[in-house]
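Structure, as structure tokens:
The values are calculated or read from the model by the stated rules, or taken from the named source; none is laboratory data. All values reported here derive from a predicted model rather than from experimental measurement. Using ideal geometry, Cβ is built from the backbone for each residue, glycine included, and neighbour counts are taken over all protein chains shown. Heads up: the accessible areas ignore ligands, DNA and RNA and are worked out on the full protein's heavy atoms, side chains in. Shrake-Rupley method; radii C 1.70, N 1.55, O 1.52, S 1.80 Å.
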Amino acid sequence: MKAILITGGGSGIGRAVAQLFSQRGWRVGLADLDAAGLVDTAAMLPTERTTSHVMDVRAPEDWEEVLAQFAAASGGRLDVLFNNAGVAVGGAFGAESLDVLDRGIDVNLKGVVYGARLAYPYLAATPGSCLLNTASAAGIYGTPGAAVYSATKFGVRGLTEALDAEWAAEGIRVRSLMPGFIDTPLLKANVSGSNRNVRETVIEAGLELTPVEVVAEAAWAAVHGDRVHTLVGKTARRLAFASRWMPGGLRKRMRAGRV
Ligand code: NAD
């Protein structure tokens, strides 16, 4: 039985991916900082092929313990590590506290790097394995109002491309998801300098919110396909097109405050 370990499995995208892979017969390991979220996700999945692990992706020792626990349950297999846990870091950069910036970097970038590095022996020991990292449309063009979030997602994109090449000879596939705006609790983060959250701002700007189920199917396609990056949603596809074919126009729009 194939086995996937999912960080951020207690909510949003991680939960939807857990449900889809589980429906398709996979063993699922759920990892998250949020114990209550883990309980809720686990209740949606068959007990005999689901394990739950409270962990902080910022802690290497948590990674070591969770990877060992998961491998014990899966008979040593790690077909996919879904390196997905992340936090929103939004707001005027000049007003952001260093603590908030550090947390964004630690969870969204260092957590992903630790996962990739510490899962490496398990991925290398599982033929046809895949590391799937959640980047973002914010990793396509720098996002004003979310500069550090964007920087971490560019980091995840770089890590993905580098390891895709570096691990090719060993048969470990490395992929990223680049979602636009996905309807999850992450978008409840407040937009600083306003009394609205990201979700409300997205709707007001006339942009689309993509359901999590679409991301889950994209994750399935990414794991089973050959693309290094998988764009999800209209905003992500539009940004990728504009950054490639009309970078000057895109820069102008960004500077004018339009996505
Ligand atoms: P979410 O808030 O629903 O889920 C994120 C999960 O990560 C939560 O369960 C949270 O507890 C967990 N988490 C946070 N910090 C953690 C830590 N230190 N250790 C372990 N777990 C931790 O959000 P989501 O939208 O499902 O986000 C999943 C990923 O998708 C993130 O990397 C996010 O940046 C990315 N993403 C989201 C969107 C969007 O619009 N929602 C768009 C692009 C990319």
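A few comments on the model shown:
- Filter pass, S194 being under 16 Å from G104 (Cα atoms) and open to solvent by less than 60 Å² (accessible area, probe 1.4 Å): no
- In this structure, I13 does satisfy being in a helix (DSSP H, G or I), open to solvent by 20 Å² or more (accessible area, probe 1.4 Å) and in contact (Cβ under 8 Å) with a residue 60 or more places away in the chain.
- Filter result (surrounded by fewer than 17 Cβ atoms within 10 Å (Cβ to Cβ) and within 16 Å of the ligand (Cβ to nearest atom)) within region 155-182: G158
- Filtering region 51-82 to residues that are farther than 18 Å from D106 by Cα and within 16 Å of the ligand (Cβ to nearest atom) leaves T51, S52, H53, E65, V66, L67, Q69, F70, V80, L81.
- In region 146-153 there is at least one residue matching the filter, namely being open to solvent by less than 60 Å² (accessible area, probe 1.4 Å), part of a helix (DSSP H, G or I), among the basic types (K, R) and within 16 Å of the ligand (Cβ to nearest atom).
- Evaluation of R117 against (1) touching a residue at least 40 places away in the same chain (Cβ under 8 Å); (2) over 26 Å from P247 (Cβ atoms); (3) in a helix (DSSP H, G or I); (4) not aromatic (F, W, Y) (one fails), failing number: (1)
- Filtered residue count, region 16-44, keeping only those that are open to solvent by 20 Å² or more (accessible area, probe 1.4 Å) and more than 9 Å from the ligand (Cβ to nearest atom): 12
- Number of the exception - A221 against (1) within 13 Å of the ligand (Cβ to nearest atom); (2) among the hydrophobic types (A, V, I, L, M, F, W, C); (3) in a helix (DSSP H, G or I): (1)
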